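The values are calculated or read from the model by the stated rules, or taken from the named source; none is laboratory data. Everything numeric here is computed off the predicted structure, so don't read it as measured data. Counting neighbours? That spans all protein chains shown, and the Cβs are built from the backbone with ideal geometry, glycine included. Note: accessible area is taken over every heavy atom of the protein model, side chains too, but ligands, DNA and RNA are not part of it. Shrake-Rupley method; radii C 1.70, N 1.55, O 1.52, S 1.80 Å.
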Amino acid sequence: MRVDVVSIFPDYLSVLDLSLVGKARQRGLLDLRVHDLRDWTADRHRTVDDTPFGGGAGMVMRPDVWGLAIDEVLEPGGQLVVPTPSGEVFTQRHAEELASAGQLVFACGRYEGIDARVAEHYRAAGVTVRELSIGDYVLNGGEVASLVMIEAVARLVPGMVGNPESLVEESHGAAGLLEYPVYTKPPSWAGLDIPDVLLSGHHARIARWRRDRALERTARRRPDMIAALDPADLDKHDVAL
Ligand SMILES: Nc1cc(-c2ccc3ccn(Cc4ccc(CN5CCCCC5)cc4)c3c2)n[nH]1
């Protein structure tokens with residue numbers, strides 16, 4: 001999978017050279033390229049922004065500069081991801097969908113955002129454009145949101161994560177529940193012991209205990225996820241709610 005990131009702060013993305021994503025690049029699983037938007041400016045000041053039509057505070061990023069950058073970077077069939085506070089909230093489902101793309105181009109806005117015609121232009125040209133938020137809070141730009149989404153997508157690329165099984169059971173997985181609590185050695189710490197069932201070696205009981213803890217946790221912290229459960233899935237947890 002090829003991932004391109006366009007930003008006026010390309011160094012912000014250098015953290016991607018570390019750990020999981022860094023290893024994937026070395027192993028050729030991920031072709032990650034970071035670009036400086038200012039490379040597509042033509043003036044001496046390398047201007048990427050201007051005042052907003054209709055007035056209002058701050059500056060807006062120019063469509064012409066973004067158009068030159070995206071035209072050069074986006075491959076046929078590639079998808080455009082535009083982080084924005086006004087987007088659909090990014091979820092594991094989006095990560096799964098994005099992981100099947102041949103190329104993703106992340107357009108990192110700054111200032112008050114990118115001229116709306118950029119997304120409109122590429123949609124009209126038949127490009128899949130996803131305007132995505134990573135949560136209901138306002139960041140200073142799209143770089144951090146892109147890092148979050150790239151990590152969530154990259155770990156789903158086959159061969160990325162050592163133990164693919166760990167991708168199945170996790171929170172926000174197919175079960176639609178939060179994850180159960182996890183424990184490791186020592187069995188007793190700070191006067192706290194781990195639940196006996198986890199020492200029993202009784203796999204069915206352990207699986208049941210984990211399901212129950214996941215349901216409890218989800219009901220307490222994310223009632224919205226309980227409400228969203230498909231009744232057909234409930235028998236997977238063999239619990240009548
Ligand atoms: N999940 C999430 C993603 C982002 C994100 C993503 C991309 C950019 C690009 C710029 N910013 C900063 C920014 C965006 C919007 C405003 C308010 N808005 C401006 C237009 C007129 C109305 C009011 C203020 C500052 C970004 C912020 N934040 N949170």
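When we screen Asp136, Asp64, Asp71 for residues that are at pLDDT 95 or above, open to solvent by 20 Å² or more (accessible area, probe 1.4 Å) and within 16 Å of the ligand (Cβ to nearest atom), the only hit is Asp136. Scanning the stretch 151-170 for residues that are in a helix (DSSP H, G or I), more than 16 Å from the ligand (Cβ to nearest atom) and not β-branched (Val, Ile, Thr), we see that the one that is surrounded by the most Cβ atoms within 10 Å (Cβ to Cβ) is Ala154. Identification of helices (runs of 4 or more DSSP H) wholly contained in the stretch 60-150 with 1 or more residues that are closer than 23 Å to Leu167 by Cβ yields 92-99. Would you confirm, using the coordinates I've provided, whether Leu29 is modelled with pLDDT of 90 or more and more than 16 Å from Leu74 (Cβ to Cβ)? Spelling it out, Leu29 is indeed modelled with pLDDT of 90 or more and more than 16 Å from Leu74 (Cβ to Cβ).
Just one of the listed residues (Arg38, Arg44, Arg25) is part of a loop (DSSP other than H, G, I, E, B), free of Cβ contacts under 8 Å to residues at least 40 places away in the same chain and of a type in the set (Lys, Arg), namely Arg44.
Annotation note: of Asp17, Asp11, the sole residue that is modelled with pLDDT of 95 or more, open to solvent by 60 Å² or more (accessible area, probe 1.4 Å) and more than 16 Å from the ligand (Cβ to nearest atom) is Asp11.
Scanning the stretch 217-233 for residues that are of a type in the set (D, E, K, R) and not in a helix (DSSP H, G or I) turns up Arg222, Asp230.
Residues checked against (1) among the β-branched types (Val, Ile, Thr); (2) open to solvent by 60 Å² or more (accessible area, probe 1.4 Å); (3) at positive phi; (4) within 26 Å of the chain's Cα centre (by Cα):
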{"residue": "Asp49", "(1), (2), (3), (4)": "no, no, no, no"}
{"residue": "Gly54", "(1), (2), (3), (4)": "no, yes, yes, no"}
{"residue": "Glu75", "(1), (2), (3), (4)": "no, yes, no, yes"}
{"residue": "Ser86", "(1), (2), (3), (4)": "no, yes, no, yes"}
{"residue": "Ala95", "(1), (2), (3), (4)": "no, no, no, yes"}
{"residue": "Ala99", "(1), (2), (3), (4)": "no, no, no, yes"}
{"residue": "Gly102", "(1), (2), (3), (4)": "no, no, no, yes"}
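Would you mention how many residues in the stretch 105-129 are among the charged types (D, E, K, R) and more than 13 Å from the ligand (Cβ to nearest atom)? Number of matching residues: 3. Exactly one residue among Leu199, Leu241 is farther than 13 Å from Gly176 by Cα, at pLDDT below 95 and not β-branched (Val, Ile, Thr), and that residue is Leu241.
Applying the condition of being touching a strand residue (DSSP E or B) at 6+ places or on another chain (Cβ under 8 Å) and among the β-branched types (Val, Ile, Thr) to the stretch 51-91 and asking which residue is nearest to Asn140 (Cα to Cα) yields Thr84.
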